[in-house]
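The values are calculated or read from the model by the stated rules, or taken from the named source; none is laboratory data. The structure displayed is predicted, hence computed values, not measured ones. Using ideal geometry, Cβ is built from the backbone for each residue, glycine included, and neighbour counts are taken over all protein chains shown. Note: areas computed on protein heavy atoms with side chains; ligands, DNA, RNA excluded. Shrake-Rupley method; radii C 1.70, N 1.55, O 1.52, S 1.80 Å.
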Amino acid sequence: MMVIAPLAAALAIQAAAAPAPARIEIDPAPTEIEVGEAIELRVAAFAEDGTPLSAPEVRWLAVTPEYVSLSPAGTLTGIRPGPGRIAVVVNGATHFHEVRVPDLPVTLIRAAPAGAVRVGISTPLRVTPLNALGEPVPGARLSYESLDEEIARVDAFGAVTGVRVGDARIGVSAGAARTELSVRVEENPATAYDLTPSSASVRTGDVVRLRAVGLGADGARSVEGFHPSWSVSGAGAEVEVEGEEGVFVAEDPGTYRVGALLGPYVFAEAVIEVAPREHSARVEVVGHGPSVDHHSGDVWVFEGADGRDYAYIGTFLHDWMKVWDVTDATNPVLVDSMQLDARRINDVKIHPNNRIGILTREGAASRRNGIVLLDLSEPAHPSVISEYTETVSGGVHNVWIRGEENLIYACHNGTGDLHIIDISDPAAPREVGRWGLDKPFKTLHDVIVQDGYAYLSYWDDGAVVLDVGAGTHGGTPTAPTFVSSYSYPQGNTHVAWRHGRYLYVGDELFPDGWDPQKPIEARGYIHVLDMSDIDSPREVARYEVPEAGAHNVWVEEDRLYVGYYQAGLRVVDVSGELRGDLYRQGREIGYVIPLDDRTTVPNWPMTWGAQVFKGNVFTADLNSGLWVAKVVDERPVS
């Protein structure tokens with residue numbers, strides 16, 4: 001699901017009759033603007049020979065309205081701290097400018113102990129510095145002091161240690177802001193300390209959750225609620241703090257000591273033996289349907305009304321949809337092709353009833369793109385039922401079919417919104433709902449619907465979760481409501497797939513000036529988000545193959561399948577709890593590199609994605625067509 005120009009749709013502003021400028025200058029061109037500050041901007045436009053253009057048509061736009069605003073007359077105003085971006089369109093030509101809104105000073109500090117403060121034991125303070133907008137200030141420099149050191153002391157990291165029973169005042173400062181809190185120091189019933197578990201034998205990638213416990217005078221483990229500082233010996237493992245627990249995971253085999261510092265002179269440790277992660281399966285190619293003349297796009301595999309299996313594949317920079325009979329997965333047979341008015345048929349989806357197909361169109365000569373509905377009563381030779389272009393003529397990149405409601409969720413290039421289309425009557429589709437981010441510049445790349453939630457891949461705005469009937473946030477299938485979102489600095493959020501407690505989110509990075517007729521050095525990886533609290537997604541792990549780029553994903557039975565462009569089809573064990581770098585932990589079960597010298601770009605794989613179907617893994621390669629792989633279990637039969 002590659003994006004050629006993510007902002008192309010948002011910048012599709014018709015050029016005025018006047019000539020487009022060769023150069024555009026903004027004056028002044030500030031690199032920073034304070035919150036609440038207003039700056040009047042002017043623009044000058046020049047022809048190729050340097051002559052200023054007279055009376056140009058000018059349009060000002062705030063690309064990141066959450067950080068800066070920009071009036072039609074060119075008044076720039078800082079809204080909140082962050083990376084601002086503006087655009088000015090002159091006679092149809094666009095010029096971008098970056099302007100950062102620096103952090104506001106801390107004006108309010110909220111602080112409280114993470115748990116009980118006991119004699120001889122350290123407990124961290126949970127501190128949140130806020131600015132005048134009530135927003136957290138990341139990276140604020142905090143200082144601490146105890147006003148009653150005979151009762152409690154505090155170190156430079158905000159850990160409070162009880163000295164004797166009583167009440168102590170602790171001061172927390174950040175610049176001119178300061179707060180004081182009262183801390184009650186309790187008696188400590190523990191006479192010794194231990195970690196649970198005190199030992200463990202695991203594999204690389206396995207997560208061990210450790211907790212400190214106190215032993216009473218009778219030796220019983222009766223005291224809990226400790227918040228120690230955690231450490232681990234060696235460079236091949238890590239331990240993260242999560243509440244009262246230390247979360248351990250190792251990338252390298254070996255013996256590790258995990259330490260818990262509970263107070264200035266109180267230490268407990270556990271020993272964890274880590275063995276290499278071994279797999280009893282391998283991945284091998286079992287079939288190939290070569291494509292010599294066309295770049296292949298997305299693929300969907302299904303059992304047709306005639307009882308045979310088919311793979312439908314779109315094309316990239318071409319106007320064909322290919323029909324493969326894959327009943328014998330070892331010998332795919334091209335049985336038909338369908339040509340449409342399109343420059344790209346990016347996505348192919350099949351209704352769960354296997355009687356209706358959906359093709360997405362981009363770049364149609366008629367400029368009426370949208371989606372095409374197919375009659376699959378003869379799956380080897382599909383025919384067009386209808387087209388829907390009325391509200392999505394700007395091109396649809398990806399869709400998802402919600403079968404029970406007969407709804408299509410379409411990612412429209414033109415609006416950057418999710419358009420909801422009713423296909424109850426496939427001959428007369430109609431739009432019945434819409435949802436989009438409230439901003440002028442946005443790119444909605446992909447959507448998947450699972451268990452009543454829609455997961456939107458919103459490019460630089462990250463992964464967005466909507467309630468479309470889950471019953472948690474008031475959404476319905478045709479009137480979605482916002483649930484949460486998660487973004488990361490590099491942006492390019494391209495695809496998402498929910499499985500269990502995790503959301504697997506892929507980003508896609510292409511080099512400038514890439515050429516589909518030549519080898520492409522793609523980058524990007526899979527971010528693993530913990531969705532246990534769907535209102536607050538958090539990134540806990542990653543899967544990144546060095547020197548390659550992730551594309552589409554599929555997850556089934558605790559196996560992650562990734563089309564990893566030039567790194568081929570990858571299969572990853574995602575069983576159990578996930579933390580850290582899955583690639584370095586050895587969770588990869590296997591891979592295949594689809595090489596073929598009879599392709600559009602010989603011997604350069606660009607694997608698109610994966611779909612598991614009837615025990616095989618089907619994938620399309622941008623350069624070499626359809627491939628079929630199989631995960632072969634090699635466990636001995638008892």
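Descriptive notes on the structure:
- Karplus-based coupling profile of the range 327-339, in residue order and whole Hz: 4, 9, 5, 7, 9, x, 10, 6, 10, 6, 9, 10, 9, with θ = phi - 60° in 6.51 cos²θ - 1.76 cosθ + 1.60 and x standing for Gly or Pro.
- Added length on full extension, which subtracts the Cα-Cα distance from 0.36 nm per residue, Ala55 to Tyr265: 68.0 nm
- On the beta carbon distance between Ser377 and Asp425, with R0 = 22 Å, the FRET formula returns roughly 0.85.
- Summed residue charge, Cβ within 13 Å of Glu34's Cβ, Lys/Arg positive, Asp/Glu negative: -1
- Average projection area in nm² (convex hull over Cα atoms of the range 108-193, one quarter of hull surface): 5.7 nm²
- Over the range 514-619: Rg over Rh, Cα atoms, Kirkwood Rh: 1.01
- In this structure the amide hydrogen of Leu53, modeled in the peptide plane, comes within under 5 Å of the amide hydrogens of Ala45, Phe46, Ala47, none closer than 5 places in sequence on its chain.
- Tyr583 sits with roughly 80 Å² accessible to a 1.4 Å probe, with DNA, RNA and ligands left out of the calculation.
- Of the listed residues Glu521, Glu187, Glu48, the order by accessible area with a 1.4 Å probe, largest first, is Glu48, Glu187, Glu521.
- Among the GluC sites (Glu not before Pro) found in the range 345-419, those both in a DSSP coil and sparsely packed, with 10 or fewer other Cβ atoms within 10 Å of their Cβ, are Glu404.
- Using a probe radius of 1.4 angstrom, the carbon and sulfur fraction of the accessible surface of the range 140-293 is 47%.
- Rough spin-label spacing in nm, given labels placed 7 Å along Cα→Cβ, for Ser199 and Ser182: 4.8 nm
- Near-label residues of the range 426-459 by backbone N, under 16 Å of a point 7 Å along Cα→Cβ of Trp514: 445-446, 459
- Residues with amide H under 5 Å from that of Gly304, placed H, sequence gap 5 or more: Asp309, Tyr310
- The apolar share of the surface of the range 513-626, taken as the fraction of accessible area on carbon and sulfur atoms (1.4 Å probe, ligands and nucleic acids excluded), comes to 45 percent.
- Pairs spanning more than 24 Å between alpha-carbon atoms, out of Lys349/Lys518; Lys442/Lys518; Lys518/Lys614; Lys322/Lys630; Lys322/Lys614: Lys349/Lys518; Lys442/Lys518; Lys518/Lys614.
- Residues whose amide H lies under 5 Å from that of His397, counting only those 5 or more places away or on a different chain, are Cys411, Asn413; hydrogens are built 1.01 Å from N in the peptide plane.
- Shape descriptor for the chain: Rg over Rh equals 1.03 (Cα atoms; Rh from the Kirkwood inverse mean 1/r).
- The chain, relative contact order [Cα under 8 Å, separation at least 6], %: 9 percent
- Solvent exposure of the chain, expressed per residue, is 42 Å² of accessible area, with all protein chains present and a 1.4 angstrom probe.
- A Förster distance of 22 Å, applied to the separation of the beta-carbon atoms of Glu40 and Lys439, puts the FRET efficiency at 0.40.
- Accessible-area value, Glu180, 1.4 Å probe, nucleic acids and ligands omitted, Å²: 100 Å²
- Here the range 412-508 has 47 percent of its accessible surface on carbon and sulfur atoms, given a 1.4 Å probe and all protein chains in place.
- In loop segments of the range 317-398 as defined by DSSP, the trypsin sites (Lys or Arg not before Pro) with at most 13 further C-beta atoms inside 10 Å of their C-beta are Arg367.
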